[in-house]
Amino acid sequence: MAAGRYLGIDLGGTKIEGVVLDERLAPRERVRVATERERGYEHIVGRVAEVVAALRPHAPDVTCVGIGTPGSVSSRDGTLKNSNTTCLNGRPLGVDLEKRLGMPVRLENDANCFALAEARGGAGQGHAMVFGVILGTGIGGGIVHRGVLWPGPQHIAGEWGHHRLEPDGPPCYCGQRGCVETILAGPALEAAYRAVSGEACPAAEIARRAAAGEAAAGSVMTTYLDRFGRALANVLTILDPDVVVLGGGLSNVEALYTAGREAVARYVFNDELRTPIVRNHLGDSAGVIGAALLTATNA
Ligand SMILES: [Zn+2]
């Protein structure tokens, strides 16, 4: 059996997952450990090194490790910001991992990894420009053109989660108000439903209740889908991608592909909407597969 070709790590707040992919991008070996973020920065760097050490025998020829993580990498000094694993913020994670692992690493935001994985080996295959979208507890996005990730010189390409959709909307951690993330993320949908019904209910359940005809859930979802359409149409009118691939927990909401799509069509600068808006193919594995693909030439 040939050795693995790419090694990637998905560094999340609760778990660190590593994968070795073969030439055809199929996972050969996986390792998963708890992040134990409460034990601090140095510990997390050590945990990543443990996962790499466990995988290295399955990919002895790799010369670089790809790392995907929430937050954004500063183009100025390579430090991380906006990570929900807060002890990573302001730290030169890439540099420290390179020292610890003794080889180069390529660090990217997890939404960019998602987009890269779906473009190269998932629902975006065969499309020239892929806009990958994360709709979950946060809102992310990544752009891949002809199989190559486009993070942009400031590392903000595709970050539609911080387009200001409603200038008087809720405050966002980024310092603005009414960002797409404060309106379309799962917790925002849950808050909207709680305001109407007085009941705490997970986002996926709100969508189910709306589909089953519950009035409160129905009205909240109608507003949500309209705003989804407005926000995504803004992206489409700039980028005009060949496909939009949805990921994250909310990507399972069926109405996004019907009423949500109709809302995009209402707001896009065109008299029709030909852009496919599709569900991801790789599910939870997209992040770690995309991280491994960061090390592929021309990724
Ligand atoms: Zn924001």
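The table below lists the values:
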| quantity | calculated |
| --- | --- |
| Top-ranked residue in the range 249-281 [being polar (S, T, N, Q) and surrounded by 15 or more Cβ atoms within 10 Å (Cβ to Cβ); ranked as farthest from Ala212 (Cα to Cα)] | Thr275 |
| Considering residues of the range 129-185 that are assigned to a strand (DSSP E or B), farther than 17 Å from Ala233 by Cβ and within 16 Å of the ligand (Cβ to nearest atom) only, the residue most open to solvent (accessible area, probe 1.4 Å) | Arg177 |
| Matching residues in the range 186-202 - criterion: being in a helix (DSSP H, G or I), open to solvent by 30 Å² or more (accessible area, probe 1.4 Å) and away from the ligand (no atom under 14 Å from the Cβ) | Glu190, Ala191, Ala192, Arg194, Ala195, Val196, Ser197 |
| Failed item in (1) within 16 Å of the ligand (Cβ to nearest atom); (2) touching a Lys or Arg at 6+ places or on another chain (Cβ under 9 Å), with Ala123 passing the rest | (1) |
| Count of the range 17-42 residues which are in a loop (DSSP other than H, G, I, E, B) and open to solvent by 50 Å² or more (accessible area, probe 1.4 Å) | 3 |
| Count of residues meeting criterion [in contact with a Lys or Arg (Cβ under 8 Å, 6 or more places away or on another chain), under 20 Å from Leu101 (Cα atoms) and not in a strand (DSSP E or B)] in the range 1-16 | 1 |
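Residue by residue, here is whether (1) open to solvent by 10 Å² or more (accessible area, probe 1.4 Å); (2) aliphatic (A, V, I, L, M); (3) part of a strand (DSSP E or B); (4) out of contact with any His (no Cβ under 9 Å at 6 or more places or on another chain) holds:
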| residue | (1), (2), (3), (4) |
| --- | --- |
| Val51 | no, yes, no, yes |
| Ala54 | yes, yes, no, yes |
| Pro60 | yes, no, no, yes |
| Gly78 | yes, no, no, yes |
| Asp96 | yes, no, no, yes |
| Ala111 | no, yes, no, yes |
| Glu118 | no, no, no, no |
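The values are calculated or read from the model by the stated rules, or taken from the named source; none is laboratory data. Everything numeric in this text was worked out from a predicted model, so none of it was measured. For neighbour counting, all protein chains shown are included, and Cβ atoms are generated from backbone atoms with ideal geometry for every residue, glycine included. All accessible areas refer to the heavy atoms of the entire protein, side chains included, with ligands and DNA or RNA removed. Shrake-Rupley method; radii C 1.70, N 1.55, O 1.52, S 1.80 Å.
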